[in-house]
Amino acid sequence: MTLTAVPREARTRPRRVVPPLATITGLAAATLALYVRDPHASGSWGYCPISLLGFYCPGCGGLRAVNDLTHGDLAGAVSSNALLILAMPFAVFLLARWAVDAWQGRQRGLPTLSSWPMLSAVIALITVFTLVRNLPGSWLAP
């Protein structure tokens, strides 16, 4: 028995939409879990090994930010992780575009991060954010 790969464009609509819908469903379930179980309580979701070393990574405060958003507290979310809040609209756009493209059978290349200038800019932004949030007294610290 020989297994052959089915070309992406030849797959049926139900098979094409499974990956984006599974991703969106998983993110919705994680968001619901963060709504129900408050990450503001110390240790409620475990401990980040990087923050235990006394260093805030770019993701520190991300769970608290999502929890704050689910409760309608935008200011609290920004104070937990401003970079995540700024990135969310882009992530939602890319997820929606992926789902619509799968529905329509359209295939696109990688998002614009595949270009070196854009990737370099994103890496620089994340690096600067991480450095600034670890300065003493920084308002970006979670």
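None of the figures in this text is laboratory data; all of them are computed from the coordinates on show. Values in this document were obtained by computation on a predicted structure and should not be read as measured data. We place every Cβ from the backbone using ideal geometry, glycine too, and count neighbours over all the protein chains shown.
With a point put 7 Å past each Cα toward its Cβ, work out how far Ala121 is from Ala75 in nm, to one decimal.
Distance between the two pseudo-spin positions: 3.1 nm.
Once you treat every alpha carbon in the chain as an equal point and sum by Debye, what is log10 I(q)/I(0) at q = 0.08, 0.13, 0.14, 0.16 Å⁻¹?
Listed by q, the Debye log ratios stand at -0.32, -0.75, -0.84, -1.00.
Please find, in a Gaussian network model of the chain (springs between Cα atoms separated by less than 10 Å), the residue of Thr130, Thr70, Thr12 whose mean-square fluctuation is greatest.
Comparing Thr130, Thr70, Thr12 in the GNM, the peak value goes to Thr12.
Using θ = phi - 60° and the Karplus form 6.51 cos²θ - 1.76 cosθ + 1.60, what ³J(HN,Hα) does each residue of the range 81-90 get, whole Hz, x for Gly and Pro?
Taking θ as phi minus 60°, the curve returns 7, 5, 5, 4, 5, 5, 7, 4, x, 5 Hz for the range 81-90.
Using a 7 Å offset from Cα along Cα-Cβ at Val132, what residues in the range 44-72 end up with backbone N under 18 Å from the label point?
The answer is 56-62, whose backbone nitrogens lie closer than 18 Å to the label point.
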